[in-house]
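Beneath this line is the structure, given in structure tokens, with notes to follow.
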Amino acid sequence: GFVDPNDMHSRMPKEYKENEVGTKALSFDSIIAARVRRRAEQGRDRIICQRCHSLKNYNRIDHSWKEDIASDPRLLKFLHYKANILIVVVCDIFDIPGSLIPHLGDFISNRHPVILVANKTDLLPRDYHEERLMMWIKRFSKGLDLNIKSIHLISALKNLGTRKLAADITERRRAGQDVYMVGRANVGKSELINALLRISMGGSAHKVLASHIPGTTMGLYGIPMRRFVKALVPVDGAPAQDRQANLYDTPGIFSNKSIISYLTNSELKMTVCQKRVKPLSFILGLGRSVMLGGLGRLDLVEGPSRVFVTIFSNIRPHFTRIDRADELTKSLEAGKETILKPPVGDADRLKQFPHQKLAMEHEFEGLHKRHATLDVVFAGVGWIAITGLFDRAKIKIYSPFGTGVGVRPPMMPFEYKLISPHTSTTRKTP
């Protein structure tokens with residue numbers, strides 16, 4: 001921008017203000033060079049690779065994101081042999097159980113103390129009940145083979161709950177103890193580290209790269225614990241034992257069962273939820289189907305004349321008859337463009353997209369006419385909550401290759417309360 005020559009003296013570094021003559025003799029380029037050096041010394045300007053530059057500035061990569069991904073949890077086996085460490089297991093609250101690594105205790109050892117962090121609460125409806133959600137996660141975590149000491153609900157991106165988590169880490173961590181962030185790809189481990197740096201003194205200059213694209217973190221790297229003064233280390237400085245202690249960000253382990261593993265970069269952007277979800281409630285009649293693009297399908301094949309479904313997903317749902325859903329699926333397999341998106345692209349891309357297969361059949365009883373009874377989960381895509389009072393219903397669930405699908409007790413059973421009292425087959429509530 002424009003620089004006033006008369007004002008240059010007041011903004012010059014003090015090393016250049018020795019005398020009037022010396023100051024006037026300085027060139028503008030030398031002043032800028034000195035400023036750049038100071039910024040580099042403070043960590044604000046860093047040389048980064050082309051891949052990181054694309055992720056940082058354009059939130060994309062020039063090749064398939066799957067080339068950078070790790071899917072073998074045995075990569076974490078080295079933690080089994082570590083001593084004196086604290087592990088923070090991060091999961092995505094919007095993708096449970098898909099964002100949890102099965103049998104994680106076999107790889108990291110269940111002797112290590114673990115803090116379980118459910119991230120991305122900023123994606124949930126604004127009026128969610130925190131205590132009820134915490135109780136749901138506690139019941140769910142009992143099936144995990146981990147030495148869980150505490151559980152936290154946070155949003156690393158919005159700095160919600162991160163100070164309470166930082167205080168818990170500080171309390172449980174012993175002097176000289178390393179901290180490891182562990183979890184699936186794209187659950188927000190790197191963003192959580194940035195959140196801890198933001199509440200540290202001068203830590204924002206050392207933030208790590210974070211993106212919604214899975215596999216952003218490609219290798220294990222550590223940040224000295226002294227960078228977390230005020231967040232994890234006392235303001236008066238780290239104890240002597242902490243001079244070699246670090247907080248480590250581990251590569252995210254991607255699930256081969258996740259439905260989003262079949263998506264391209266552009267389809268991934270359409271699917272992954274990046275802002276607060278608005279649950280939509282609908283009537284699903286007997287013999288009808290609800291489709292989440294080409295990524296998921298739920299058919300009501302037996303049971304009551306209708307049930308109520310609430311959609312928690314970034315993908316616009318499509319309701320139709322079961323026979324019409326079969327026709328759309330066959331058209332997609334033949335490479336014809338349909339209303340089902342994702343996938344997107346030309347005929348070759350549509351033909352290459354994995355065909356939907358029957359993932360599971362499930363029979364259940366409707367327990368309440370106003371509270372959800374069951375969640376049908378599509379890993380990485382979202383879930384459908386089913387509400388109604390009936391003796392028996394049978395559903396069929398489809399997904400690409402018939403994978404990444406499950407059922408669970410309802411995580412948010414009361415979102416159905418927003419539905420309109422009117423009856424029709426159209427959308428009820430925004």
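Observations, loosely collected:
- Applying 1/(1 + (r/R0)^6) with R0 = 60 Å to the Cβ-Cβ distance of SER30 and GLU333 gives a FRET efficiency near 0.35.
- The residues of segment 345-413 have, on average, 43 Å² of accessible surface per residue, using a 1.4 Å probe with all protein chains present.
- Database remark: amide H of ALA359 closer than 5 angstrom to the amide H of ILE397, TYR398, SER399 (H placed geometrically; neighbours at sequence offset of 5 or more, or on other chains; Pro and chain starts carry no H).
- Counted charge near LEU389, where neighbours are those whose Cβ lies closer than 13 Å (Asp, Glu -1; Lys, Arg +1): +2
- Distance between the pseudo-spin-label points of LYS142 and GLN244 (7 Å out from Cα toward the beta carbon): 4.2 nm.
- Where the alpha-carbon atoms of segment 264-395 are placed on the principal axes, they occupy 45, 34, 20 Å, in descending order.
- The slack in the chain from ARG226 to ARG349, taken as 0.36 nm per residue of separation less the alpha-carbon distance, amounts to 39.4 nm.
The values are calculated or read from the model by the stated rules, or taken from the named source; none is laboratory data. Since the model is a prediction, treat every value here as computed from it, not as a measurement. Heads up, the Cβs are rebuilt from the backbone with ideal geometry, glycines too, and the neighbour counts pull from every protein chain shown. Side chains are part of the model used for accessible areas, which takes the heavy atoms of the whole protein and leaves out ligands, DNA and RNA. Shrake-Rupley method; radii C 1.70, N 1.55, O 1.52, S 1.80 Å.
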